[in-house]
1. Only residues in the stretch 41-65 that are closer than 10 Å to R12 by Cα count as the first member; pair them with residues that are part of a strand (DSSP E or B) and open to solvent by 70 Å² or more (accessible area, probe 1.4 Å), Cβ under 7 angstrom, at least 6 apart or cross-chain, and list the lot.
2. What's the number of the condition E45 fails, among (1) at pLDDT below 90; (2) part of a loop (DSSP other than H, G, I, E, B); (3) out of contact with any strand residue (DSSP E or B) (no Cβ under 7 Å at 6 or more places or on another chain)?
3. For the stretch 47-83, which residues satisfy the criterion of being surrounded by 15 or more Cβ atoms within 10 Å (Cβ to Cβ), of a type in the set (S, T, N, Q) and out of contact with any Pro (no Cβ under 6 Å at 6 or more places or on another chain)?
4. How many residues does the stretch 190-219 contain that are part of a strand (DSSP E or B), touching a helix residue (DSSP H, G or I) at 6+ places or on another chain (Cβ under 8 Å) and not aliphatic (A, V, I, L, M)?
5. Identify all residues within the stretch 157-179 that are open to solvent by 40 Å² or more (accessible area, probe 1.4 Å) and either assigned to a helix (DSSP H, G or I) or on the phi < 0 side of the Ramachandran plot (or both); write none if there are none.
6. Can you tell me which residues in the stretch 91-106 are part of a strand (DSSP E or B) and at pLDDT 95 or above?
Amino acid sequence: MSPPAPPRESQRIAKLLARAGIASRREIERMIADRRIAIDGKAVETPATLLTSLHGVTVDGKPVKAPAPARLFRFHKPAGQLTTERDPKGRPTIYDRLPRDLPRVMPVGRLDMNTEGLLLLTTDGGLKRQLELPASGVERTYRARTFGDVSQDQLETLIEGIEIEGIRYGPIDANLERRTGRNQWIELKLREGKNREVRRVLEHLGLQVSRLIRTAYGPFHLEDLPAGGVDEVRQHDLVAFRKSMTDGPKPGSAAGSTMRARTALTGRPPAERTARAPAKRPSADRHGAKPGRKSRSEGDRGPNDASAPVSRRGGRPRPSGRGRSPK
């Protein structure tokens, strides 16, 4: 006879409901304050109520179903939208742009209003937290168009981390990609994702950021997803990714430190792209920017395009076809 299953661990009702995709924890706290959530007909009084399951729990009188398997979506966030469900000032949010037939989703982290690019959306609060926690060490990749003077040697110093106005930012792997005059594109890889981290670090180096695009979050890449577009990560890719997070080296471990150091010194091949995206449009690059078009934000400071990409080591141009397209 098989041994009995271990008893389930009690968890806060707010956490269980968030994992079930009902709402964010903060929103659930408001729902509890409004007496919209009940257990066996009795209104819940505190989000700290401990439960082993959602059996008997209702929201607005409707039973809560058991959590479905986590789902993950890629969204190409355009500039000019807030990463929030609602804004008291009435400014546009990502939810104004999302398809109506999308399940209730929560953003993984945030992008500033003027930052564009890849924003992951999930139906599962546990996956959201797993992806966001600095301890998980999930790498974020950005491309920044900047104006000013900076050298690759200056960017190399960021791999040691930097402190700005009392805030410590962790290692950033920065690479000068393309330059035309005093305009350049810089790729940055980091694992913390603190509020406005990329902009603050680049501004600390004396650069003006005119465009900032997140191109990857872990193994999930923006690729050719058009601005405002949404698609779903295949379930077996998501399962494989979650397993790799469980089985792989932890960021604080010796193996994790060695892996980061090797990445910083030698680079590494792009992670496998796990979400399908529409085919490229010949008239635009992969972030929707027209080749050779001048940005209004740059004014007369120089062309939007850049010359051959600058190599990370030695200053030699990369062979044709291997560098990234200018934005």
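1. These pairs meet every condition: P47/R12; A48/R12; T49/R12; L50/R12.
2. Condition (1) is where E45 drops out.
3. Within the stretch 47-83, T49, T58 qualify.
4. 3
5. T157, I159, E160, E163, I167, R168, P171, R179
6. T93
Residues are listed down the side, and each one gets a yes or a no for (1) assigned to a loop (DSSP other than H, G, I, E, B); (2) touching a strand residue (DSSP E or B) at 6+ places or on another chain (Cβ under 7 Å):
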| position | (1), (2) |
| --- | --- |
| A66 | yes, no |
| P69 | yes, no |
| A79 | yes, yes |
| K89 | yes, no |
| M113 | yes, yes |
| L118 | no, yes |
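For every residue, the table says whether it meets (1) among the β-branched types (V, I, T); (2) in contact with a helix residue (DSSP H, G or I) (Cβ under 8 Å, 6 or more places away or on another chain).
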residue	(1), (2)
G80	no, no
P88	no, no
I94	yes, no
G109	no, yes
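The values are calculated or read from the model by the stated rules, or taken from the named source; none is laboratory data. Owing to the predicted nature of the structure, the values given are computational and were not obtained by experimental measurement. Reconstructed Cβ throughout: ideal geometry from the backbone, glycine too, with neighbour counts over all protein chains shown. Remember, those area values only see protein heavy atoms, side chains included, never the ligands or the DNA or RNA. Shrake-Rupley method; radii C 1.70, N 1.55, O 1.52, S 1.80 Å.
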